[in-house]
Amino acid sequence: MHDESAFDVVSNGVLLEAMRESERDPALRHHLSALLAEYRRSLAELVDTEQHRGTVATGPAPSALATLLLATCDGLLLHALLDPELDVVEATRALHALLGTQPATSKRQPDSPTAEPRSRTTPDHE
């Protein structure tokens, strides 16, 4: 299953429909293409910053990683729309494990005030 707070089926369905319609509407295609290019640029800047901080591998070019990450998200979106039982949260954890990164902290409180931070390689299962 997926975490409803992390995956909005309606909004993502609308995005998918807009992408489909862009095949028939050049103006929409141009607009979506520009939005995606800006999103890739912003993500590439973030990747570059994190590479310099040492939190992301420095081998791949930031723009290549940004493109790959966004394409992966697009694929996950498609799979989740087709299979409502797909565990998007677990798939996201697997992506973090592959990248050697930590997911963003949740709003959930730790079990105790002295709880140690979770390991980067061991996802918590809900």
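The values are calculated or read from the model by the stated rules, or taken from the named source; none is laboratory data. Being a predicted model, the structure only gives us computed values, none of them experimental. Glycine gets a Cβ as well: all are built from the backbone with ideal geometry, and neighbour counts include every protein chain shown.
Data overview
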quantity	calculated
Any hit, segment 40-61, residues being of a type in the set (A, V, I, L, M) and modelled with pLDDT under 90	yes
Residue check, H96 at pLDDT below 85 and touching a Pro at 6+ places or on another chain (Cβ under 8 Å)	yes
Residue ID - nearest to M19 (Cα to Cα), chosen from residues in segment 78-95 that are among the small types (G, A, S) and surrounded by 14 or more Cβ atoms within 10 Å (Cβ to Cβ)	A80
Total residues in segment 65-92, condition small (G, A, S), touching a helix residue (DSSP H, G or I) at 6+ places or on another chain (Cβ under 6 Å) and closer than 16 Å to L43 by Cβ	1
Unmet criterion (only one of (1) closer than 25 Å to L86 by Cα; (2) at pLDDT 90 or above) for A37	(1)
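Condition check ((1) among the small types (G, A, S); (2) assigned to a loop (DSSP other than H, G, I, E, B); (3) on the phi < 0 side of the Ramachandran plot) across all residues:
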| site | (1), (2), (3) |
| --- | --- |
| E45 | no, no, yes |
| D48 | no, no, yes |
| A57 | yes, yes, yes |
| S63 | yes, no, yes |
| T72 | no, no, yes |
| G75 | yes, no, yes |
| L78 | no, no, yes |
| H96 | no, no, yes |
